[in-house]
Amino acid sequence: MTHVKNRAAPLLLLLLLLGMAAAAAVSPSEAAAQVIPVPGGRRPTATPRVRPNERAPGARGDTGQPRPTGGPTERDSVIDALLRLEGYVPVWYNADSADYRADDRTLRLRGSSRVERDGRVITAKDSLVYQDRRDFVTAYGQPQATDVEGEPISGDVFYYNIASGRATARGARTKITDNATWYVEGDVTREATNRIYASNSTFTSDDRAEPAYYFKADRIMIIRNRILIGRPAYLYFKNVPVMAIPFIVQDLENGRRSGFLIPQFEINDIVRTRGGRGGSRGTGREFSNIGYYWAMSPYLGLQLAARWRSQSYMAMRSNLEFNFRRRFLTGQVEGERFWETDGPGRLNLNGGARWDMNERTNVSLSLGYASSTQFERNRVVDPFRQTADLSSNFALTRRTDWGSLSLTAERRQSIANDDRTFSPRLNVNVNPITLFPNATVTVGFAGSQQSQSFGDALVRRQPPLQQRDASGTLGLSLGDFRIGSSASYNHNSRGSLAALDPALADSAQIRDSTRLLPIAGRGTDRISFSASTGYQLTLFASTRLTPSIGFSRDLVRRDTTGAAPDSMAGSYGRFVAGPPRLNIGAGLGTDLYGFFPGVGNYEAIRHHIQPIISWTYSPAVQVKDSASARTQRQVFGEFSAKTVNQITLGLTQTFEAKVRETRPVRGDSSADSASAAGNRATPAPGQARKVMLLSINTNALAYSFEPIDRFGTRFLTPDLSTNLRTDLLGGLQFTMTHSLFEQRAGVDSAGARELRRGRFSPFL
């Protein structure tokens, strides 16, 4: 190093003399954008302002080194020669004026100053002072320092030791982004790029100018990508101190790793364990998340944690996470076991998984289960949790060459009242089969089952219910001519419910003695057949008329485990065929479009309205007065053979937007590459991307010209449902339903209670 200094001494002296001579002939504004080569990164040298060199980049003498922002845009041969010297580090600086004192080798930059060295940048609005003997930089006037790595530090006064890489800022402000973002203010010292020390400082994760909360600590140490430690720490909410703790630790490491979990507890559990007047007991102390996380492998992670609540329970929670990307299997399963102080054990299950077995088969699973909903209601204080439903779902989807198969199952459990529902479903869809041009066969099958039980069945006198459904369709299309047939099976049953315990008769929940009677099980089976044919006739534009004619018939069987009334003995235990119905109908539909100019990133907006009106007529069936006719009336009702004459109105609306495509600019490299690749950047006509802004689907409203019951009811739609969907919020779907009529209680001729439709009063 000594040999290098002696060899460079004549050159440094010459440059110093030239710099002093040039400083006398150059105005302060011209002293900007100079370069100081520093031997070995230690000793700066002032360079003179010389005539610009018009040499183009890449010509002889160009070093080829990138020029930092704010550096000189042109260099001459002297600067290029200096930059090519071994052991020298260039220092670029900008300022309104520069002062260099040779006696103590101090460089002072005045005004808006900027210095860059080895990727480190220091800026100041007042002045920058560089002391060569001490390798020390001082900045005044809102200084800011930025390293190659890390966030910038700004403050009131800035001190930087070049030799040790230690930087100190008074009244500093900086941001730490490692696994979490923390904003630190105070007297900050940074060593190299991995350690930060602060004294009398505050830190918070709230990025607002006036944070809602922050921690204040006498001393803070931050090791990048590892840990943040502050001691002692004080928690403030809106400048109000609320808590003091000996120290606070925040993990800043990224990625998965084994380690102990951070215990969780509430301050109220430490300060106060009894609440209410007279010393009544509160909820007791609670400590949770006491355990360990084991990163078993890059694909597996296991977490074990304990929880304890005084005077209530102890619990152990285990969580298994797995992510096998090569197998396309990911998910997590969590189980928590509770041991009550004075009671049995409880079990909760949560989690979910997804497995893409292959390109055509997908399996997904979600868990939500509690062995005791009453314990869950008493354990949590969140009202949303106490009224929520626990849902477990299973879905298997298989796509084949001939169609698709879907098997799903859902189990719902209400925490509020312990109602439970289990619903498996099976759907088989066959791809349309083309026999010959304009001749297509469609086949479909669907089946489902729903079982429902009630947690407080004895009090509510609600026996368990079960429903099974199966349906199949077969259709043939010959151009605009269509033939279709369908068959369905439906089973509804109600389980038996024994009489209540006489000890419950005095309960405030039971006032009517009739509720003490047992309820017998009862079931109903219904088989329906239908066949129809129709023809689609285009009137004008997109308006179409579809007349149809069809045939339908139902078979119903009722069964009961109790004694049936003598008047209905002939209608129980066997299938009873309903009257055959001839159905004549017609449908009228059209498509209306409205086009509007685009807004923002959308080139155009289209409004599509699709109203549909359908009419159905079925003449009355003449039934002779016989035993079979009386049985039909008992099973299907008095109005099963009456005339059916009703009209239905439906409406669907959509708002779609066409995304504006960017046009290629001539000479743009990306546009030229796209053109060379077959012009893939420009979509074909009619293939522009569309976005569903809003879709509004309303269920059909039906009105009968003939009364459908003995009360003279004609309006057939009791509820109006509207479904909204948009692609702007990730395919969000929103459904709202209005009950259109009030329900009034009445008494029939036999003295039994019944519900009647009241006045028109929509209710959401």
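Quick look at the values:
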read-out: Residue within region 385-404 that is open to solvent by 70 Å² or more (accessible area, probe 1.4 Å), within 21 Å of residue 364 (Cα to Cα) and of a type in the set (S, T, N, Q) present; value: no
read-out: Test: residue in region 264-271 that is of a type in the set (S, T, N, Q) and under 30 Å from residue 168 (Cβ atoms); value: no
read-out: Test: residue in region 88-99 that is open to solvent by 40 Å² or more (accessible area, probe 1.4 Å) and either among the aromatic types (Phe, Trp, Tyr) or touching a residue at least 60 places away in the same chain (Cβ under 8 Å) (or both); value: yes
read-out: Where a residue in region 320-332 is open to solvent by 100 Å² or more (accessible area, probe 1.4 Å) and its partner, wherever it lies, is acidic (Asp, Glu) and modelled with pLDDT under 95, with Cβ under 6 Å and at least six apart; value: 328/356
read-out: Candidate set: region 723-748, residues that are among the hydrophobic types (A, V, I, L, M, F, W, C) and surrounded by fewer than 13 Cβ atoms within 10 Å (Cβ to Cβ); chosen: the one modelled with the highest pLDDT; value: 736
read-out: Check on residue 170, in a loop (DSSP other than H, G, I, E, B) and loosely packed, with under 14 Cβ neighbours inside 10 Å; value: no
read-out: Conditions (1) at pLDDT below 70; (2) within 30 Å of residue 619 (Cα to Cα): number failed by residue 681; value: (2)
read-out: Qualifying positions in region 173-187 - open to solvent by 30 Å² or more (accessible area, probe 1.4 Å) and among the hydrophobic types (A, V, I, L, M, F, W, C); value: 180
read-out: Given (1) open to solvent by less than 30 Å² (accessible area, probe 1.4 Å); (2) free of Cβ contacts under 8 Å to residues at least 60 places away in the same chain, number of the condition residue 132 does not satisfy; value: (2)
read-out: Single residue of 586, 620, 604 found to be closer than 22 Å to residue 530 by Cα, modelled with pLDDT of 90 or more, open to solvent by less than 80 Å² (accessible area, probe 1.4 Å) and hydrophobic (A, V, I, L, M, F, W, C); value: 586
read-out: Residues of region 524-557 classified as more than 30 Å from residue 592 (Cα to Cα), free of Cβ contacts under 8 Å to residues at least 40 places away in the same chain and either out of contact with any Gly (no Cβ under 9 Å at 6 or more places or on another chain) or surrounded by fewer than 17 Cβ atoms within 10 Å (Cβ to Cβ) (or both), total; value: 6
read-out: Selection within region 388-404 - aliphatic (A, V, I, L, M) and either within 20 Å of residue 353 (Cα to Cα) or at pLDDT 95 or above (or both); value: 390, 395, 396
read-out: Hits in region 112-131 - residues which are over 16 Å from residue 159 (Cβ atoms) and out of contact with any Ser or Thr (no Cβ under 6 Å at 6 or more places or on another chain); value: 112, 116, 118, 119
read-out: Elements of type strands (runs of 3 or more DSSP E) contained in region 504-575, each with 1 or more residues being β-branched (Val, Ile, Thr), at pLDDT below 60 and over 30 Å from residue 479 (Cα atoms); value: 543-560
read-out: Failed condition for residue 639, given (1) at pLDDT below 90; (2) under 30 Å from residue 580 (Cα atoms); (3) touching a strand residue (DSSP E or B) at 6+ places or on another chain (Cβ under 7 Å); (4) surrounded by 13 or more Cβ atoms within 10 Å (Cβ to Cβ); value: (3)
read-out: Selection from region 409-466 of residues that are aromatic (Phe, Trp, Tyr) and within 22 Å of residue 486 (Cα to Cα); value: 445
read-out: Residue in region 261-276 that is at pLDDT 85 or above, of a type in the set (A, V, I, L, M, F, W, C) and under 32 Å from the mean Cα position of the chain (by Cα) present; value: yes
read-out: Which listed residue is assigned to a strand (DSSP E or B) and at pLDDT below 95, from 377, 327, 385, 412; value: 412
read-out: Candidate set: region 206-236, residues that are small (Gly, Ala, Ser) and either exposed (fewer than 14 other Cβ atoms within 10 Å of the Cβ) or touching an Asp or Glu at 6+ places or on another chain (Cβ under 6 Å) (or both); chosen: the one farthest from residue 153 (Cα to Cα); value: 212
read-out: Test: residue 127 is crowded, with 18+ Cβ neighbours inside 10 Å, modelled with pLDDT of 85 or more and more than 42 Å from the chain's Cα centre (by Cα); value: yes
read-out: Flag if residue 351 is touching a residue at least 40 places away in the same chain (Cβ under 8 Å), within 22 Å of the chain's Cα centre (by Cα) and in a strand (DSSP E or B); value: no
read-out: Residue in region 98-120 that is touching a Phe, Trp or Tyr at 6+ places or on another chain (Cβ under 8 Å), among the β-branched types (Val, Ile, Thr) and at pLDDT below 85 present; value: yes
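The rows are residues; the columns are (1) of a type in the set (Lys, Arg); (2) closer than 19 Å to residue 92 by Cβ; (3) over 40 Å from the mean Cα position of the chain (by Cα).
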| residue | (1), (2), (3) |
| --- | --- |
| 112 | no, yes, yes |
| 115 | no, yes, yes |
| 152 | no, yes, no |
| 173 | yes, no, no |
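The values are calculated or read from the model by the stated rules, or taken from the named source; none is laboratory data. Here the structure is a predicted model, which is why all the values come from computation and not from measurement. Please note: Cβ atoms are built from the backbone with ideal geometry, for glycine as well, and neighbour counts cover all protein chains shown. These area figures cover heavy atoms from the full protein model, side chains too; ligands, DNA and RNA do not enter into them. Shrake-Rupley method; radii C 1.70, N 1.55, O 1.52, S 1.80 Å.
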